[in-house]
Structure formats: structure tokens, C-alpha cells
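Novice: Handing you a structure now.
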């Protein structure tokens, strides 16, 4: 429908093709279809990219269950939930952004893109707080790591009061908590990297949206970026329970 | 030929008379493996000949000169079904046959003689139960099943004996096994076939197959004084394992006598059979292998014992058949003279279903 | 021209190469470096992969020279290790994977489906730049001392036991991976969304089908390799221990993830080659491909099954025996579609009207060598025989029969077949037939002895070997020199033909594909106007009617 | 337009653009937030082996909501649906066949 409208408005201003239609496409609809499909295929590669990490996580969690349980207790469910909420909200604002672009409402588009941008930054900020806490508590594997909190959970009263059942781990098992944090940092880091890329593209889009690029031109770019943003959200939807929630009980 | 190049001629003659085209068959499994191999060669030759005949025949018959006008044919479901089903059937035969062979090669018989092999950059070290150890060589008798328990100290290696048609990777951190029964005395190649760094191609050795009598002589002449189990016993004492594993009622660790081969229940509720792999893991990663009813207090020995040391300990615990032997360890710092392989008959005193933490 | 040939060249005295074509449209280096034209990008790719092919080939020459004698005398062991590692890395990631898709596929797929360009021209150009960046990193790796992990990056060797340039090599492969992801993605989108009116799925040339199947593998497989290499690099730099047994990681997990890509990768390499053979065999027997649907679906079947066979590289590495069973069975199943293809090609010749121009010679060579390569693959798929044969020269011979005997033959076949379309000029026929023959003989002499060596138990990646293997190695090295000549010839005469070759005209082979119905070299937009596909693929009767009409209208 | 859109897929291109109403987006947002609260709440109840199962099930439902509505797959052509399904299929293939190896190793070593 929009694209029908688009095509019409394009024809009005430009008898042959709308200006945003690339020369090798026969119609705007074909162009939209092709780029949209390409975006989906790109998301497939992203699924498989994270697939390797998920596989590693599942195997290691099976092997070193006690270590993974106690290590995951170091994560703050409060911040995790907050971040999930932030990301879901940003997904919503992004969806609304796409809608505004489709409806040709420039003001709303800018508002929603701006909100998405802001929420993305909030997510990264919270992630930064969590990472900083890991740094403080010597839970950054390979660089700054100590297994003290796991060989002697009572030394960490804050976590211990929440999880009084946590027993001291044997040295060999306590060493495996590092594996949890390897994967924690690899997965959240890779996710955050995708967020950073997304935020950069959002900034670019906001600048372009101010120049009416989407409300006059075609919205494909906004829609495709929306797909990317929602995909990053979905990754987090799985990371959140896997890393934070499923190991609350032994 | 002789005219053209005497050098070439000599070369070919020498090759035909001196160099093999097929490896010797020196183990019981080798003829079986070769039977499948030749079956596959046969099928391949028939298949290849068929393709060549079809292509060459059609090329001649339907050359542009003979057949200026092509006849358009859509296809033939019948023909296509034929060349789907026949290869599929043949491949499935090879699959079943190959799998049977695979299981045979990787399932050691119960009475096999066990030799430990440690791979490290870039040498093989074999340890016989009698304490004889050899570098880049392995002496085995004919007519007796030999099981190799392989492990690597660093990277992946692969223990390959082409004449026996067996091969198995030595993996860091885990035991793998393979077995064979040599049939023909002689010296055969031992290769490391998994690329393992700079001197990969130097990680080779000899497999010396001997008659049982010669083998016994060799064993006697190369003994190092104490058996593998005795080395383990010494290590057991020096690491103070007996402080907890002492089979007394108030012991903090489970009784180890007779534990090998039994089933134990772990703290996690899981029930496992105690084998070499389990013993190794229990020494290096004890808290994952705590026996039910015991506290997880055993320290890890990861990084403190070499793979050879672990092997000696495992061999010691394997041969620990009764409390009698354990008491001996406790009571003497001096090694008891030659008491290996003296199976205690009353092995039942150790309660099965318990192992160390 | 004798009667026994399909070539129909225009009258050379009056023939001209069309003034307007994609090569002449714009001039200057920038017009090439910033181009969006799939044909120009294909040309850039062709030049770059040829460059890397000859680097990889030179390394192969060094390997064969070193193996002339049993001792490691020409090269020290560590140098030899670097040489074979670089040979593998360059040949796999910088030649075989991009060879047919990024050159011929790039050039032909839009034309074959009747489109003006690939769906995403900028992404296509980006793909080439990524390839160049990756290639640069690989050359840098080589310049500063190389890498000796083997192309398989086996952990923990690659992560903890070597101090060569694993990181830069790993990142080079990572970037090259994205280059191939973008190529594959572009193909899938183009084939789905850019077909011209009347071009239904079952009217697509089989070359398009096989590239489609390969693209699926590229898009879904490559990212797993990417993340695996990231983990390897992180393990080397910051000590992440996912693959490190000392930290509780599992080196077998690396094998799983690596082969999840790298086994499908061999299908990425061979499938487009199969597409070339389908085109060539059909054209030179003047006959529709026998059982078009079966050949088309066998490509897709290979792609789908190909994903679930990866652990057959690990039969002796200590995966569970049950897993071995499953993966062995799946591997047997994936062998069937290849058998179907071979027989379908053979029966395409049946009742054809066959001529033997160079592309056909290469394709027939492909059929023979690929049959051997495929059947020896079954030896390795059967777990029992795999124990004896794996990690020996049998494996080396097997994959060189598939990759060099199969893929490279198909690539050369395709290059010769579409050379007139690409450049507007013919290659010289006689010398190229000689080259094809030389390649075939040299290839067999090089790699057939390696089957025997493997059966004897000679391990791969050995700088020195027991002396009784020498004779066969000498044969192999002798063959390699012949093979080298066979590969040098085309580069010489094809370059020569750019200027002096006969003018080819639009359709020298009298072929039916859409790409042949436009001028050679094609216009930047491929067709003067978007064609309408009103006949089946490989419809030679339509073609004859079409020609008669043209004659009548003139 | 100079030409009609050509392939079959493209011909449908204009029809399947569907603008989802903000009301639906809002409903999905609420559902997602409720599910997030649920999954956090449920994690505080000890259900043994069921805890991960429930958590992942909820995550899957959330994913479906995002994919179907935010990403418009519900209103997209079959090809998009097929793409999503094939991605999930290969992803599960990777995980299940790798895990199958690890799990079956414990079954004994023949």
C-alpha cells in the first residue's frame, strides 16, 4: 500500500522512475522485496554467528554445571531485567519508527528514532555498569580474574545473602567459573558490539530523516534497519534467561 | 625403454622389486579391513569403468560427424531411479560393513594387555604395565590382544600403525583407546598422522612385533626395576593420598581397593562405572566426581602431576585389589619387593560402589 | 572449420567487437574501482583469484620439490609447515571458494536470469574489497613470516603451541568469509527476485541452480567459521579458554564448529563447478540435460544434506561412536546426489550430436576425475576404512581429485566456454586443447600415486618420510611439473587472445542460454531491453526456430 | 513504470506491504513486558529441571511475538517465512547434532 503510494508519488515527480529507485530494478516494489529479503538472509548469517556461541555455552554449562550456577549468581537480576525492559521498549519504539516512516510522519519518525537511539544508549550504559562491577570484583577472565568468590562464597556477603545455599566450590570447579565469564563476556560483548553498530546507524538515520530522506523517499532502509534492531533484541531475549535466570536454583 | 633412459629404467626396476604398493598385513584386523577396502576398490572400479564406457561410447557413437542432429530427450524416471537406488544400496552396504569394522577396532576385548601411550611434541612414550617404558617405539607380542590407552600432553597427535590398519588420535585431557592383535613378527612403521607442529614428521617410530617368547625376554631385559603400579604406589604415598584414602572406617576419602570396574554413585546422584578415564578425571577434577556420602574436600592435582604420573596412579589403583595392599602402602615407606600382579583373592572386602571424592 | 564442430564465428573480415560494451563504457582506473557492474566486478575478481592461484600454485610447487627426496633438505621442517599451511589457506579461501561463484557466477547469473545486474551491486563491490583486504592480510602474514597451523587451525596447536602469525591469518580468513557471505547473499536475492518475465524456477539454467545451492551454504555456514576464528583469536590474545583443555575447554568443540563450515565449504567449492559442467555438456552435445529436474534437485539435496555430515572429519578424534554412525550414514546419503549427476551428464551425451571443443574436453576430464574423487570419498565416509586411510595421502589425493581434478577443471572449462562472451574474442582452439590434455595427464600423474601412498600409510603434512615412499613421490613431483605447464598455458594464450583472438560474435557455441542471446561483450545493462523467457532451458529446437526466423527476417 | 514487475515473487510485492497498526505494537509491547516479568518471577520458584525449560519456552514465545509482529513476518510473503524457518532449522541442527555427540559419549565407549 505505502509502496503503491510511493510509486505513484514517485511517478508524479519523475515521470520514469522515482529518484530512489536504482537503475537495475524494474520497480520500487521489486527493489523493496529484494533488499528486504537480503536483510533477512543477513539475519540468517547472524543467527549462525551467535549459534556457535550458544552451542559452546550449552556444552560448557552441561559439563561444569555447579560452576556455571554459582558464577551466574554474580549477575544482577535487577540490572538484567531492567536491560531487558529497555531493549523491549526500544524494539517497540523502533517498530513505531517504521510505522511513522510508512505513514510519512516526519515528526513522529524523528521522535521514535531518537527514543530508540536513547534507549540503545541506556542499554549500553547499564551493560557498562554491569561490566564495571565484574571488573571491580575480579571477574574479567584472562585479564583480571580471581576465583575467591567461588572458593569462599561467604566472603562476598552481598551475593551470599541472596544465595545462602551456595557452597564453596572445589578448586578445580571454581576454576571453571572463568569459563562462564569467558562466555558471558563473549556473548554479551558480541551483542553489545551489534548494539553499537546499530546505534551508529541510528544516528546516521536521524540525520537523514531530518532531511526528509524517508518521509519523501523510500522507507526500505528504515524497515530493514528495524529488522536488524529487532534481531538484536531477540538475541538478548535468549541471553537474558540463559545467563541470568536459569541457574538460580542448584 | 632401456635405450631411452637407463636411469629411468633402473628407477622403475628398483621400484618394482623393492618398494611396496600395498602395506603388509600384520594384525588380525588387517585382512578384515582389507576385505572391505578391496570390496570398495572393486565397486569403484566397476563404477568408474561404467562411467568411462558410457562417456567414451556415447562420444564415439554420437559424434557430430556420425550424428549431425541430436534427438532431444527429457529424461527417464526409470533410469534415474536405477542410478539412485543402486549406488544408494552399495553405499549402505559399505556403511554397515564399515561400521561393524569400526566397532571392532575401537572395542578392546576384556582380556587385552593394556599399554599406556603418552604423546607429546614430538615423541611417543609407551609405558608397559611392568614398568618398561620406551620412546618412539613399541614392543608387542604376537597372538595377544593389546589395548593402547592414549593421551596427549599438549596438542592432538595421532597414533597410526598402517601395517595393523589401526589409528587413533591422542587427545589432550582425555583417554582414547584402540586395540590390535599382531600376527606377524617384524618391525613396522609408527607415525603421528595428526599435524602437531614443527617436527611433526619426526614423530615416528617402530612397532616391533615379537613372538611371545622373545617378547618375554625383551620385557625382562628392559625392566626398570619397578612396575608401573609400583611407581604409582610411590606417588600415592608421596602425594599423601593415603591420608584420606586409607580404608579405615573414619577415612575422609572412599576406599579405593577393588574400586576399578565397579559402579559408584556420585554426589550428583549419577551412577558411573569406574574406568581409567574416570580415575584420571577424579584425580584432576575431583569436585566433579565426588562419591556420594563424602565431602568435596579433595584438592585438584591438575598441573601437579604429569600425564605419566597420572597413568602410574591409575595403574596402581587399578591393581589395588584388596585392603591388604593399601595397608602395606601405609605401613611402609620402602617399596615392598615385587608384589605386582599378585592378585589378592579376597578382593570382595572393599565395598563396591564407592570411590574417592 | 571442419564440420565436426559447433563453432560458428562471424565473417572475420567484417566482424567487429561492438563499440558499446561493459568494458568500454567508462575508462580509467576509478571507473573500475567504483563500479557497480557485476561484469566488471567479476573481471576484478578473475584477476585477483588468478593472482592468488599462482601464489598458491608456487607454494604447491615448493611442496612437491621438497617431497622429491625423503629427507627434509630443500626446506627445513618449519618452513615446509608454513608452505603447506599457506598453500592450503590461499587455495581454499582465496581461490576455490570464490573461484566459480565470484567470477563466472558474478558475470553470468544476472544475465542467465535476465536481469540488468545483481540485486545489490554495492554489496557486490564491497565483497570484492573485503576479498582484497583479506588477501592483503594474508600476503602480510606471508611476508612477516607466515603461519604454520595448517589451513585447519587445529586447537590447541594454533592457540597455545605456535608463535607464528595465527592472528593475522585467522582475521584474513574471517574477512574473506564475509566477502563470500555477501556474494552468496547477493546471488540468492538475485535468483529469487530478479528473474525476467517467463523465467520460472524450472527454466533456470542448471548453473544458476548449483550456484543457488552453494550460496545457501555460504550464507549459513560461513558465520560459524567466523565466530570460531574470533574465539581462536581471542584465545591467543586475551586467553579465552573455550578450546583450551587446560582451562576446561574442549578442543573437539573447535573441530565441531570448524567443520560445520569447512565441510559444507567443499560443496561451496564443487557445486558451482557442477553447474558449469551441466552447461558445457549440454551445449556441446546439442541436447537438453538429461533429467533436468533431478540434476537441479540433486544440487539442493547436496546443500541440505551437506550441512549434517561435518563430523566425518572426526571419526578417529574421539567423538562418540553413536555420532560416528549417524554422520557416516549422512555422508553416504550425500554421495548419492553426486552419483545421480554423473550419470545424468553421461546420458546427456546419449543421442546427442557431440563435438569436442576445449570446454567439453575439460568437462569430460571433470567427469572422470570427479568420479574417482567422489568414490574415494566413500572410502573415507565408511568409518571402518576411514581409520586406516584418514590423515594420510589418501585424503590428500581424494580432495585434490575433487578440488583440482573436479573444481579446477570445471573452472577452466567455464573460463574457456564463456571467454568469447566475456571478451568478445575466441581463445586459440588447438593450443587450448593441448593445455586441457596436459592438465589431465599431469593431474593424474601427480595425484594418482598419492592414493597408493596413502594406502601404504604415508601421513600427510610430513616434511620428511621413510625412503620406501620415494618412488611414488617422484612420480607425483614429475606430474606436478606437467600440471604446472598445463596451468601456465591458459594464462599465456588467454592473454594473447585478448588482442589477437578471432572475433567471436554473439553466440559462437550456438548455445541457448539468455547470456548468449545478447552481444559479446555484453552491454553494461546486459540486454538492450529486458528479455522475456518464452522457452524451456536448453531448448535447442526453440533455438533453431529462432535462428531461422532471424535469417528469414534479414 | 516502464515495465511490469517481472518475476512471480515481485508481482506480489506491492500487495504484501502491510502496515501494522500501532495498537498491535502496543499490545505486543505489553505482552513482552508481561512475559519478561513472568520469566523473572518464575525463576524465583524452584522447579528443578523445569526452570530452564520454562525460561526458554517463554523466550521462544517472546521471540515469536517479535518476529511475527515487530518484524512483520505474519504479514510477509511465504519466502520470508521460509527464510526464518530455515534459519531456525539449521541453527537447531548445529546445536542438536553437536550436543548429541557430547551426550552420547557418556553412553559408553564400545
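The values are calculated or read from the model by the stated rules, or taken from the named source; none is laboratory data. Model, not experiment: these values are computed from the prediction. Backbone-built Cβ (ideal geometry, glycine too); neighbour counts: all protein chains shown.
Novice: Out of all the residues in the stretch B:202-212, is one or more out of contact with any strand residue (DSSP E or B) (no Cβ under 8 Å at 6 or more places or on another chain), modelled with pLDDT of 90 or more, assigned to a helix (DSSP H, G or I) and within 14 Å of another protein chain (Cβ to nearest Cβ)?
Specialist: yes
Novice: Within the stretch C:254-277, how many residues turn out to be within 13 Å of chain B (Cβ to nearest Cβ) and touching a helix residue (DSSP H, G or I) at 6+ places or on another chain (Cβ under 6 Å)?
Specialist: Here the count works out to 2.
Novice: Tell me which helices (runs of 4 or more DSSP H) are completely within the stretch C:75-160 and hold 3 or more residues being surrounded by fewer than 21 Cβ atoms within 10 Å (Cβ to Cβ), or say none if there are none.
Specialist: Numbers: elements: C:77-89, C:106-113, C:121-143, C:157-160.
Correct list: C:77-89, C:121-143.
Novice: So if I check each of B:97, B:83, which one is more than 17 Å from the chain's Cα centre (by Cα) and surrounded by fewer than 20 Cβ atoms within 10 Å (Cβ to Cβ)?
Specialist: Working: B:83 fails: surrounded by fewer than 20 Cβ atoms within 10 Å (Cβ to Cβ).
Just a single option satisfies the conditions, and that option is B:97.
Novice: If you go through the stretch C:191-211, how many residues are under 18 Å from residue C:282 (Cα atoms) and touching a helix residue (DSSP H, G or I) at 6+ places or on another chain (Cβ under 8 Å)? First the steps, then the outcome.
Specialist: Going residue by residue through the stretch C:191-211, those that are under 18 Å from residue C:282 (Cα atoms) are C:202-211.
Pick out the ones that are also touching a helix residue (DSSP H, G or I) at 6+ places or on another chain (Cβ under 8 Å) and you get C:202, C:204-211.
Residues flagged as under 18 Å from residue C:282 (Cα atoms) and touching a helix residue (DSSP H, G or I) at 6+ places or on another chain (Cβ under 8 Å) within the stretch C:191-211 amount to 9.
Novice: Moving on to the next point. Being assigned to a loop (DSSP other than H, G, I, E, B) and surrounded by fewer than 12 Cβ atoms within 10 Å (Cβ to Cβ) is the filter here; which residues of the stretch A:147-164 pass it?
Specialist: A:164
Novice: Just one of the numbered conditions (1) crowded, with 24+ Cβ neighbours inside 10 Å; (2) touching a strand residue (DSSP E or B) at 6+ places or on another chain (Cβ under 9 Å) is not true of residue C:245; which one?
Specialist: With respect to (1) crowded, with 24+ Cβ neighbours inside 10 Å; (2) touching a strand residue (DSSP E or B) at 6+ places or on another chain (Cβ under 9 Å), residue C:245 is out only on (1).
Novice: Moving on. What tally of residues in the stretch D:85-110 results from selecting those that are facing another protein chain (nearest Cβ under 7 Å), at pLDDT 85 or above and in contact with a helix residue (DSSP H, G or I) (Cβ under 8 Å, 6 or more places away or on another chain)?
Specialist: Residues meeting the conditions: 12.
Novice: Checking the conditions here, which among C:98, C:110 is closer than 27 Å to residue C:410 by Cα and within 14 Å of another protein chain (Cβ to nearest Cβ)? Before you say what the answer is, go through the steps one by one.
Specialist: Details: C:98 fails: within 14 Å of another protein chain (Cβ to nearest Cβ).
Going through C:98, C:110 in turn, the sole match is C:110.
Novice: What's the number of the condition residue C:132 fails, among (1) more than 13 Å from every other protein chain (Cβ to nearest Cβ); (2) closer than 30 Å to residue A:26 by Cβ?
Specialist: With (1) more than 13 Å from every other protein chain (Cβ to nearest Cβ); (2) closer than 30 Å to residue A:26 by Cβ applied to residue C:132, the lone miss is (2).
Novice: I would also like to ask the following. Can you tell me which residue within the stretch A:101-116, out of those that are touching a residue at least 24 places away in the same chain (Cβ under 8 Å), within 19 Å of the chain's Cα centre (by Cα) and crowded, with 22+ Cβ neighbours inside 10 Å, is nearest to residue A:72 (Cα to Cα)?
Specialist: Residue satisfying both the conditions and the ranking: A:116.
Novice: Which is at pLDDT below 95 and under 30 Å from residue C:107 (Cβ atoms), of C:429, C:468, C:391?
Specialist: C:429
Novice: While we're looking at this one, here's another question. Quick test of your reading of the structure: residue C:196 fulfils all but one of (1) touching a strand residue (DSSP E or B) at 6+ places or on another chain (Cβ under 9 Å); (2) within 7 Å of another protein chain (Cβ to nearest Cβ). Name the failing condition by number.
Specialist: (1)
Novice: Among the residues of the stretch C:142-171 satisfying the criterion of being without any contact (Cβ under 8 Å) to a residue 40 or more places away in the chain and away from chain B (no Cβ under 14 Å), which is farthest from residue C:79 (Cα to Cα)?
Specialist: It comes out as C:168.
Novice: Could I ask something else about it? Name the single residue that is nearest to residue A:57 (Cα to Cα) among those in the stretch C:235-253 being away from chain B (no Cβ under 14 Å) and out of contact with any helix residue (DSSP H, G or I) (no Cβ under 7 Å at 6 or more places or on another chain).
Specialist: By that ranking, first place goes to C:239.
Novice: Would you say residue B:108 is at the interface with chain C (Cβ under 7 Å from one of its Cβ atoms), in contact (Cβ under 8 Å) with a residue 60 or more places away in the chain, crowded, with 16+ Cβ neighbours inside 10 Å and in a loop (DSSP other than H, G, I, E, B)?
Specialist: The answer is no for residue B:108.
Novice: Of the residues A:166, A:172, which is out of contact with any strand residue (DSSP E or B) (no Cβ under 8 Å at 6 or more places or on another chain), within 14 Å of chain B (Cβ to nearest Cβ) and free of Cβ contacts under 8 Å to residues at least 12 places away in the same chain?
Specialist: On the way: A:166 fails: free of Cβ contacts under 8 Å to residues at least 12 places away in the same chain.
That would be A:172, the only listed residue that is out of contact with any strand residue (DSSP E or B) (no Cβ under 8 Å at 6 or more places or on another chain), within 14 Å of chain B (Cβ to nearest Cβ) and free of Cβ contacts under 8 Å to residues at least 12 places away in the same chain.
Novice: Out of the stretch C:17-48, which residues are farther than 19 Å from residue C:515 by Cα and out of contact with any helix residue (DSSP H, G or I) (no Cβ under 9 Å at 6 or more places or on another chain)?
Specialist: Matches in the stretch C:17-48: C:27, C:28, C:29, C:30, C:47.
Novice: Being assigned to a helix (DSSP H, G or I) and buried (at least 24 other Cβ atoms within 10 Å of the Cβ) is the filter here; which residues of the stretch C:233-242 pass it?
Specialist: C:235
Novice: On to the next question. Residues in the stretch B:34-45: is at least one part of a helix (DSSP H, G or I), out of contact with any helix residue (DSSP H, G or I) (no Cβ under 7 Å at 6 or more places or on another chain) and over 25 Å from residue C:343 (Cβ atoms)?
Specialist: Step one: filter the stretch B:34-45 for residues part of a helix (DSSP H, G or I), giving B:34-45.
Next, only the ones that are out of contact with any helix residue (DSSP H, G or I) (no Cβ under 7 Å at 6 or more places or on another chain) stay: B:34-35, B:38-39, B:41-42, B:45.
Those still in the list that are over 25 Å from residue C:343 (Cβ atoms) too: B:34-35.
For the stretch B:34-45, residues part of a helix (DSSP H, G or I), out of contact with any helix residue (DSSP H, G or I) (no Cβ under 7 Å at 6 or more places or on another chain) and over 25 Å from residue C:343 (Cβ atoms): present.
Novice: Report yes if residue A:93 is touching a residue at least 24 places away in the same chain (Cβ under 8 Å) and either within 23 Å of residue A:238 (Cβ to Cβ) or part of a helix (DSSP H, G or I) (or both), otherwise no. Steps first, please.
Specialist: On the way: touching a residue at least 24 places away in the same chain (Cβ under 8 Å): yes; either within 23 Å of residue A:238 (Cβ to Cβ) or part of a helix (DSSP H, G or I) (or both): yes.
So residue A:93 passes the test.
Novice: How many residues are free of Cβ contacts under 8 Å to residues at least 60 places away in the same chain and within 20 Å of residue C:164 (Cβ to Cβ) if we restrict to the stretch C:56-73?
Specialist: Of the residues in the stretch C:56-73, 5 are free of Cβ contacts under 8 Å to residues at least 60 places away in the same chain and within 20 Å of residue C:164 (Cβ to Cβ).
Novice: Check the stretch B:129-142 and report whether any residue there is in the same structural domain as residue B:281 (by TED's automatic domain parsing) and either out of contact with any helix residue (DSSP H, G or I) (no Cβ under 9 Å at 6 or more places or on another chain) or modelled with pLDDT of 95 or more (or both).
Specialist: no
Novice: Same structure again: Consider residue B:22 carefully, then state whether it is facing another protein chain (nearest Cβ under 9 Å) and outside any loop (DSSP other than H, G, I, E, B).
Specialist: No.
Novice: Which of the residues spanning the stretch B:29-47 are more than 7 Å from chain C (Cβ to nearest Cβ), in contact (Cβ under 8 Å) with a residue 12 or more places away in the chain and farther than 12 Å from residue B:101 by Cα?
Specialist: Going through the stretch B:29-47, the residues more than 7 Å from chain C (Cβ to nearest Cβ) turn out to be B:29-32, B:34-35, B:38-39, B:41-43, B:45-46.
Then keep just the ones that are in contact (Cβ under 8 Å) with a residue 12 or more places away in the chain; that gives B:29-30, B:32, B:34, B:39, B:43.
Answer for the stretch B:29-47, where residues must be more than 7 Å from chain C (Cβ to nearest Cβ), in contact (Cβ under 8 Å) with a residue 12 or more places away in the chain and farther than 12 Å from residue B:101 by Cα: B:39, B:43.
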